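Contents: one structure, followed by commentary.
Read-outs: derived from the displayed coordinates by stated rules, not from any lab. Everything numeric in this text was worked out from a predicted model, so none of it was measured. All Cβ positions, even for glycine, are placed from backbone atoms using ideal geometry, and neighbour counts span all protein chains on display.
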Amino acid sequence: MSKNVYKKLFEFRKLTGKVVKSANNPFHKSKYADLNSVIEATDSALEEVGLVYLDRVEGNKLVSEIIDMESGEAIKSETPLLTVKQDMQSLGSAITYARRYSRLAMLGLQQVDDDGAAASGKVFAKPAQIKLINKLMLETKTEAANFLGYFHVGAVKDLTEDAAVQAIKTLTLKKEKGKENAK
């Protein structure tokens with residue numbers, strides 16, 4: 001059983017924002033979150049909660065694991081590596097696609113279109129902002145549900161970048177007032 005991994009994944013989800021689709025696919029005239037964007041959006045939050053994400057190729061499949069570094073518990077996923085041609089470039093592409101899709105699926109992440117999000121004013125909070133807000137809420141003993149309700153979101157990761165800036169200012173002021181009152 002992997003109880004520790006699932007608990008830590010729950011904590012990970014609180015720290016992680018949405019993955020931005022910033023790479024262009026000229027063939028399909030669309031945007032996507034490339035593998036580097038997905039890794040960048042997830043690795044520091046995984047490390048913070050004590051998890052590591054590993055991929056390896058075994059035969060004709062990609063084996064992905066999320067491992068709890070304390071307990072050694074892990075959850076695993078296997079993704080077939082499908083190629084049209086039998087050459088290294090096709091295999092490399094299949095591995096890259098499988099790594100990206102597997103990580104997104106195993107971590108339950110959403111991808112947002114940065115153009116569409118920006119046009120609608122929905123550029124989401126960055127992972128560093130999310131981490132700071134969670135830290136400040138703990139330090140100031142702020143009840144998350146009430147505080148986030150003010151911003152009409154259910155989780156810190158759903159704050160827009162502008163709302164995150166406002167939340168940080170508000171919580172920082174609360175922290176400073178708490179220090180003054182303690183004197």
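The ranking of Val5, Val57, Val156, Val123 from fewest to most other beta carbons within 10 Å of each one's beta carbon is Val57, Val123, Val5, Val156. For the charge dipole of the stretch 46-183, defined by +1 on Lys and Arg C-beta atoms and -1 on Asp and Glu C-beta atoms about the Cα centroid, which residue among Thr160, Ile66, Leu109 has the Cα displaced farthest towards the positive pole? Of the options given, the answer is Thr160.
Could you tell me which of the pairs Lys3/Lys174; Lys126/Lys175; Lys8/Lys157; Lys3/Lys179 are separated by over 28 angstrom between their Cα atoms in the structure shown? From Lys3/Lys174; Lys126/Lys175; Lys8/Lys157; Lys3/Lys179, over 28 Å: Lys3/Lys174; Lys3/Lys179. Residue exposure proxy: Asp55, Asp68, ordered by other Cβ atoms within 10 angstrom of their Cβ from fewest to most, comes out as Asp55, Asp68.
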